[in-house]
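Worksheet: the structure to be examined is printed underneath.
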2 protein chains.
Amino acid sequence: MTTGLQDFLEDIQQVENFEEFQDATVKLRDLLGIAHVVYHWVNSVGERFGAGTYSSEWVDRYLEKDYLRMDPVIFGCFQRFTPVSWKQLDWSSKAAKAFFLDALDYGVGNQGYTIPIRGPNGQFALFTLNHNTTDDAWDQLIARNERDLVVVAHEFNKKALSFDAHSEAQVGPSLSPREASAITHLAKGLSRSQAAAEMGISEHTLRVYIESARHKLGAMNTTHAVARALSMGLIIV
Amino acid sequence: MTTGLQDFLEDIQQVENFEEFQDATVKLRDLLGIAHVVYHWVNSVGERFGAGTYSSEWVDRYLEKDYLRMDPVIFGCFQRFTPVSWKQLDWSSKAAKAFFLDALDYGVGNQGYTIPIRGPNGQFALFTLNHNTTDDAWDQLIARNERDLVVVAHEFNKKALSFDAHSEAQVGPSLSPREASAITHLAKGLSRSQAAAEMGISEHTLRVYIESARHKLGAMNTTHAVARALSMGLIIV
DNA sequence: GGGAGCCTCGCTATTTTTGGGGAGGGTAAA
DNA sequence: TTTACCCTCCCCAAAAATAGCGAGGCTCCC
């Protein structure tokens, strides 16, 4: 490929702590000559993790305003497998427009390119490039680096996961076949009695599975258990 | 990068149907000079999708024996983000050993390298290279192509997803902010009264949101509504 | 051979959720 | 201006879920 990202890939593999991780985003930003490079977790289960070149003011504001819940970038990427240019997203709602303008105020560029990355246990992260430029210039930059960026995003995520492995019990819970089956039926909308009938067992037995799954998942109630099982990828509806 | 996989990447982007997809696996196999290239979907019980160069006898046997449920490759990849060489996996159980020997009998090589890929809605796929050779030779081959293979796997998955009619056609319902918020709180495990307190509204009002969301989502009960909202990417827990 | 985990079933009692029915005011687009 | 959707609140009876107590048989691994 045509850019100098090969060398950068070597660099990032040397990263050993959070500071170096953060430095790597800065380095990539300078290498590409753009305004911002950001990697962050949008984690359902687990802790926050993020690094990048956005101003801390913007990060604080983002969190404070809970923009996470309406950011079109996040929703767009959450439903896609492929990277996405921000302008492909749906900015039609008033809230989205306000969010975009607010971002510009805080030094975020008007062009963005975000790669969704998914790991085990429902891990979900975004890797974003951002700049202030024309559509054409941006498209060209992206086209030049498209494939390398996938690998770069992959490497960033690998590093981020390796940091997390220390802090947390790395192996998520697993459900027994019957438990998974029970939770899956509930996720499909069946009531307990229907699910029990479907599985050919007594409703009481089904209840035992649900309870057991709930404990394994650390869930407070059935709905929570289903939500966790889903977002951890333990079941598929 | 150093190999001829760049050209192959161009080829795979031209793929337009399942036959060409299948052909692409063959082409890549020949390009790398190895025994097998396989892409397959591991949506536990969902739709099947797969292509590759394994003999149909082996595929049939795999399905018939329900090896899916104990295959160490699948288990290992499910818990990992990074690609994995088969020999790093846990083959210690008796069932795993038997499975491996059975695979050899059916023409599967002793060396394997599998890349896990995750898409939206819990999509999970594996991209596997397989060959019969020594550890050293295999490691070298992998090291040479490591990064390109990530991109190749990515492209294969992109194509596979595009074939899936589901992902394209449907424009799902959307939830109002309060509805989304209500459903999100439930997905986090809060009870109705807790969620209502959190949102600063009466429990009755909260119920109206849930009901309304349920109808929009075509869900039979609250748990179903949460599950649908989650898998449609309408909320993020 | 013992322990761990899985699968199956039973009971009672309490709390929570659900499925209907209403009503009024706001905002926003057509 | 009308229509539509959003937000907020209320009642009631029936259904479902939860929490706790049990029990026995099965397989697999150390």
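The values are calculated or read from the model by the stated rules, or taken from the named source; none is laboratory data. Since this is a predicted model, take the numbers as computed values, not measurements. Every residue, glycine as well, gets a Cβ built from its backbone with ideal geometry; the counts of neighbours run over all protein chains shown. Remember, those area values only see protein heavy atoms, side chains included, never the ligands or the DNA or RNA. Shrake-Rupley method; radii C 1.70, N 1.55, O 1.52, S 1.80 Å.
How many residues, within segment A:126-148, are open to solvent by less than 30 Å² (accessible area, probe 1.4 Å) and either farther than 22 Å from B:VAL152 by Cβ or more than 10 Å from every other protein chain (Cβ to nearest Cβ) (or both)? Can you show your working first?
Restricting attention to segment A:126-148, the residues satisfying the condition of being open to solvent by less than 30 Å² (accessible area, probe 1.4 Å) are A:126-130, A:138, A:141-142, A:145, A:148.
Remaining after also requiring either farther than 22 Å from B:VAL152 by Cβ or more than 10 Å from every other protein chain (Cβ to nearest Cβ) (or both): A:126-130, A:138, A:141-142, A:145.
Selection size over segment A:126-148: 9.
Test B:GLU211 against the criterion of being of a type in the set (Asp, Glu) and over 18 Å from A:ASN221 (Cα atoms), and give yes or no. Talk me through it step by step, then tell me what you get.
Working: of a type in the set (Asp, Glu): yes; over 18 Å from A:ASN221 (Cα atoms): yes.
In short, yes.
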Response to the item:
So the helices (runs of 4 or more DSSP H) completely within segment B:176-237 holding 3 or more residues that are over 27 Å from A:TRP41 (Cβ atoms) are B:192-199, B:203-217
Discussion item. Just to be sure before I move on: is B:VAL108 among the hydrophobic types (A, V, I, L, M, F, W, C), surrounded by 13 or more Cβ atoms within 10 Å (Cβ to Cβ) and more than 14 Å from every other protein chain (Cβ to nearest Cβ) in the structure I sent?
Written reply: yes
Item to complete: Among residues belonging to segment B:52-79 that are touching a helix residue (DSSP H, G or I) at 6+ places or on another chain (Cβ under 6 Å) and farther than 17 Å from B:TRP41 by Cβ, point out the one that is nearest to the other protein chains (Cβ to nearest Cβ).
Response: B:GLN79
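Can you find even one residue in segment A:140-162 that is within 15 Å of DNA strand C (Cβ to nearest atom) and in contact with a helix residue (DSSP H, G or I) (Cβ under 6 Å, 6 or more places away or on another chain)? Show your work before the answer.
In the first step, residues of segment A:140-162 are kept if they are within 15 Å of DNA strand C (Cβ to nearest atom); the result is none.
No, every residue in segment A:140-162 fails to be within 15 Å of DNA strand C (Cβ to nearest atom) and in contact with a helix residue (DSSP H, G or I) (Cβ under 6 Å, 6 or more places away or on another chain).
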Worksheet, complete the sentence: Of those in segment A:9-49 that are in a helix (DSSP H, G or I) and acidic (Asp, Glu), the residue nearest to A:ASP105 (Cα to Cα) is A:ASP30
Discussion item. Go through segment A:182-218 and report how many residues are under 23 Å from B:ARG69 (Cα atoms), open to solvent by less than 70 Å² (accessible area, probe 1.4 Å), facing chain B (nearest Cβ under 9 Å) and more than 8 Å from DNA strand D (Cβ to nearest atom).
Written reply: 2
Worksheet item: Out of all the residues in segment A:221-233, is one or more more than 8 Å from chain B (Cβ to nearest Cβ), out of contact with any helix residue (DSSP H, G or I) (no Cβ under 6 Å at 6 or more places or on another chain) and either open to solvent by less than 60 Å² (accessible area, probe 1.4 Å) or of a type outside the set (Gly, Ala, Ser) (or both)?
Response: no
